[in-house]
Amino acid sequence: MNLGALRSHNTALVLDLLRTAGPSGISRLELAERTGLTPQAVSKITARLRLDGLVAEAGRRASTGGKPRTVLRLVPEAGHAVGLHLDRDELTAVLCDLTGAVVAERRAPLDLGAGADTVVEGAAREVEALSGSPLALPGGSPLALLGVGVALPGPLDHTRGVLHRVTGFPEWSGFPLRDVLARRLGTAVVVDKDTNAAALDVAVRGAGPSASFACLHLGTGLGAGLVLGGTVHRGARTGAGEFGHQVVQLDGPPCECGNRGCVEALCLAAVDRGDVAGAARVLGVAAANLVALLDIDVLLLGGRTVAAHEEEFVRGVGAVIEERARREGADRAVPVRVAPGGARGVAEGAAQLLLAPLFGRGDG
Ligand SMILES: [Zn+2]
C-alpha cells in the first residue's frame, strides 16, 4: 500500500464518511449516495481499504426489500500518529489512533530556552516512551505509525519545518526542527505553529467542512489560528496568524519584537497587574479588527491565560465585538466561545497534522 493512493480524493471522501459513521458503520450504498461515486467505484475503494486493514465489516443491516446490506467501519487501531506540543515550559505528547482518539499521553517539564540539542533529545525520548522504541507498532503496515506532528510557538516555516525567531527564544532562529527530529526518530515529522494545530483540531472534530473561524491563543504569548472555508489558512510563506504583534497603541510600551504597543504586550501586562477585564478589553479590540477583516462565523478563545479566567475573557472580548457590531448595524455579533479541546487541544491538533490529510480534512 502506498500513501499516495490512500490520499486520492475519492478514497479520502470514503474514509471521512467511515470515520464520522463511528463503530456502527455505514453501507456501501450509503457511501455511494453520499459521495456521488458509482457503487462500483465505492466497492473498488472499500475492497482495497479492507485488504489494507483500514476497514472491517461491522455486521449486517436490514434494508427495504432486498437482502441485508453489509455495513463497514473504520478500524481505528490500523494507524496512529504522535502529537507533540512544545510549549515554553512544558511538553505534552499524545498517541492518537486513526479517529484522533488519544490512546496514550505523556507530560514533562520543558525549558524551550535550554538549546536545540537538549530540547530535541528530550522530545525524542518522550515520543519513544509513548509509542515504543524503536518507533514501531504491531501490524507492520507502513501506516501503523504515520509520523509525528510537532506544534510550538511561531513564527516558523511550515513547508520546510524550519523555525524563525520565536519571541524570547532567538537561539531557535533558522533551526531545521523537522529534518533533525525526523532523522533522530526515523519517521515522518510535520512542524506547525501551536495556534494552527489548535485550529486544525477544532476543524477536524466539530466544525463543518466549510466553517470559517479564528482560534485566539493567549498563553505566554498571543497568536491566532485561522480556518477559512474548512482549511487552515497559513498564507504564502506560512506566516499567517501572527496576531499578537499588531500595534494597537502607537506610543505604547516597547514589545520584545521591537515594535511598540503590540496587543500581546498590552494584554500580558494587564494580566500581570491583575487587570483581567482590561486585558480582555485590549484583546477584544484586536479581535474585533480580525472579525471585521475576515467576516468569520465564530471566534474561539484558548490558551493557558484564557483558561485561568475563562468567563472574564469571553465576556470582555464579546462585549467589544458586540458594541462594534451594533455600531455597524449588523444583525448579530460574531459569537465568542472558549475553544473546545482544553489543555490537550494543541497536542491532539499536532497529531491531526498527520491524520487529517488521510480524510481530506482541514489540511491539504
Ligand atoms: Zn510585538
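Overview of values
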item	result
Selected residue (criterion: farthest from the chain's Cα centre (by Cα)) from residues of segment 84-124 that are acidic (Asp, Glu) and under 17 Å from Gln352 (Cα atoms)	Glu105
Set Ala319, Ala307, Ala343: member being without any contact (Cβ under 8 Å) to a residue 40 or more places away in the chain and under 30 Å from Val189 (Cβ atoms)	Ala307
Any hit, segment 277-293, residues being of a type in the set (Lys, Arg), within 10 Å of the ligand (Cβ to nearest atom) and more than 24 Å from the chain's Cα centre (by Cα)	no
Helices (runs of 4 or more DSSP H) contained in segment 280-364 and holding at least 1 residues over 30 Å from Leu250 (Cα atoms)	345-355
Boolean, Val298 is under 24 Å from Leu200 (Cβ atoms) and more than 16 Å from the ligand (Cβ to nearest atom)	yes
Extreme residue, surrounded by the fewest Cβ atoms within 10 Å (Cβ to Cβ), among residues of segment 259-276 that are touching a residue at least 24 places away in the same chain (Cβ under 8 Å) and within 12 Å of the ligand (Cβ to nearest atom)	Leu268
Top-ranked residue of segment 34-50 - restricted to ones that are over 30 Å from the mean Cα position of the chain (by Cα) and part of a helix (DSSP H, G or I), ranked as nearest to Pro76 (Cα to Cα)	Ala47
Subset of segment 248-258 [loosely packed, with under 15 Cβ neighbours inside 10 Å and either within 17 Å of Ala279 (Cβ to Cβ) or assigned by TED's automatic domain parsing to the domain that holds His164 (or both)]	Gln249, Pro253
When residues of segment 195-238 are limited to those that are polar (S, T, N, Q) and under 17 Å from Gln352 (Cβ atoms), the one surrounded by the fewest Cβ atoms within 10 Å (Cβ to Cβ)	Thr231
Matching residues, segment 210-258, being assigned to a loop (DSSP other than H, G, I, E, B), away from the ligand (no atom under 16 Å from the Cβ) and over 25 Å from Leu163 (Cβ atoms)	Ser210, Ala211, Ser212, Gly229, Gly230
Some residue of segment 316-325 being closer than 30 Å to Asn10 by Cβ, touching a Gly at 6+ places or on another chain (Cβ under 6 Å) and more than 16 Å from the ligand (Cβ to nearest atom)	no
Within segment 64-87, considering residues that are surrounded by fewer than 20 Cβ atoms within 10 Å (Cβ to Cβ) and in contact with a helix residue (DSSP H, G or I) (Cβ under 8 Å, 6 or more places away or on another chain), the one nearest to Asn196 (Cα to Cα)	Arg73
For Arg60: the one exception among (1) surrounded by 14 or more Cβ atoms within 10 Å (Cβ to Cβ); (2) outside any helix (DSSP H, G or I)	(1)
Residue in segment 156-174 that is surrounded by the fewest Cβ atoms within 10 Å (Cβ to Cβ), counting only those that are in a loop (DSSP other than H, G, I, E, B) and under 22 Å from the mean Cα position of the chain (by Cα)	Thr159
Matching entry among Arg337, Arg324, Arg315 (being of a type in the set (Lys, Arg), on the phi < 0 side of the Ramachandran plot and surrounded by 17 or more Cβ atoms within 10 Å (Cβ to Cβ))	Arg324
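The values are calculated or read from the model by the stated rules, or taken from the named source; none is laboratory data. A quick note: this is a predicted structure, and the numbers were derived from the prediction, not measured. Heads up, the Cβs are rebuilt from the backbone with ideal geometry, glycines too, and the neighbour counts pull from every protein chain shown.
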